[in-house]
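Asker: Would you mind keeping the following structure in view while I ask a few things?
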Amino acid sequence: MVQGYKVSVVIPCYNEEEGIRRVLEGMPESIDERIVVDNNSTNATGDVARSLGAKVIFEARQGYGFAYKAGLPAATGDIIATMDGDGSYPADWIPKLAERLIGQELDFISGCRFPLADPRSMPWSNKMGNLLLTAAMAVLYGRRIRDSQSGMWVFRRSLLRSLILTSDGMPLSEEIKIEAIQRGFRFREIHIPYRTRIGEAKLRKCRDGWENLRFLGRKRFQSRTEI
């Protein structure tokens, strides 16, 4: 627990057998609940997570959004943290981010990876894609943030009943931030160290980038028609 609050971590995984082992082995003891969503892996990702004490949820429909929409409702903590199963996000930072959430009376913290602590941790093409998508979000939604694609969030579980998450894929990462901001929750970005991933990258750069950009426009248009 962190300052009397139960903390759950939710980690979506697709073929992260090696990475999830290191992530769970490095998880702070103050994290009360570890949930790993096995997103139809073809290796022993789920078995490894289970052997290390994680609650494993199987989601056959592949997609970042599908995985989170299966894992987030299963969390029972007062505070939910998220991260990837590839070791790129700092699990040891979860308690300090939870303390900031509590101490500053925030609702949602998004970990900001930029500027990168280690420039080698992210390929140049990924940096440019992140810059473009973050700029597009600022233009479309009128709120400037530094890292719209970050996959490390710490937020109060009570928010889930208010957030309308429609994406089944990678755009869910930007959508959850848009929802938190537009619904008036107390949102803040806090810089975190980002590390080189363990194992093979799953990101389909051009396809996923285009999907994220289209989603930003579609969600913005739909929100206008609903007003």
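Asker: Compute the length gained on full extension between Thr42 and Ile164: take 0.36 nm times their separation in residues and subtract their Cα-Cα distance, giving the result in nm to one decimal.
Answerer: Full-extension gain reported as 40.9 nm.
Asker: Quote to one decimal, in nm, the extra length available between Ser30 and Trp124 on full extension: 0.36 nm per residue of separation minus the C-alpha distance between them.
Answerer: 30.3 nm
Asker: Still on this structure: Identify, among Ile145, Gln104, Gly71, the residue whose Cα sits farthest towards the positive end of the charge dipole of the stretch 1-150, taking +1 on the Cβ of Lys and Arg and -1 on the Cβ of Asp and Glu, with the dipole about the Cα centre.
Answerer: Highest projection toward the positive end goes to Ile145.
Asker: So, by mean Cβ neighbours within 10 angstrom, what's the order for 147-159, 210-222 with the highest one leading?
Answerer: Per-residue Cβ counts within 10 Å, averaged per peptide and sorted highest first, yield 147-159, 210-222.
Asker: If you don't mind, another one. Find the centroid of the Cα atoms in the stretch 179-207 and in the stretch 158-177, then give the distance between the two in whole Å.
Answerer: 13 Å
Asker: Please work out, to two decimal places, the log10 of the ratio I(q)/I(0) at q = 0.12 Å⁻¹ from a Debye calculation in which every Cα of the stretch 46-103 carries one identical scatterer.
Answerer: After summing over all Cα pairs, the log10 values are -0.36.
Asker: Can you pull the one-decimal nm distance between simple spin-label points at Ala201 and Asp92, each 7 Å off the Cα toward Cβ?
Answerer: It works out to 2.6 nm between the two label points.
Asker: I'd like the FRET efficiency for Arg146 and Ala117, computed as 1/(1 + (r/R0)^6) with the beta carbon distance as r and R0 of 25 Å, rounded to 0.05.
Answerer: 0.95
Asker: For every helix of n ≥ 4 consecutive DSSP H residues, a contribution of -39,500 (n - 2.57) applies; sum these over the chain, divide by its total residues, and give [θ] at 222 nm rounded to the nearest 500 deg cm²/dmol.
Answerer: -11500 deg cm²/dmol
Asker: Follow-up question, since we're still on this one. Could you rank the peptides 128-140, 29-41 by their average count of other C-beta atoms within 10 Å per residue, with the highest value first?
Answerer: Per-residue mean Cβ counts within 10 Å order the peptides as 29-41, 128-140.
Since every read-out is calculated from the coordinates, none of them should be taken as a lab result. Here the structure is a predicted model, which is why all the values come from computation and not from measurement. So basically every Cβ, Gly included, is an ideal-geometry build from the backbone, and we count neighbours across all protein chains shown.
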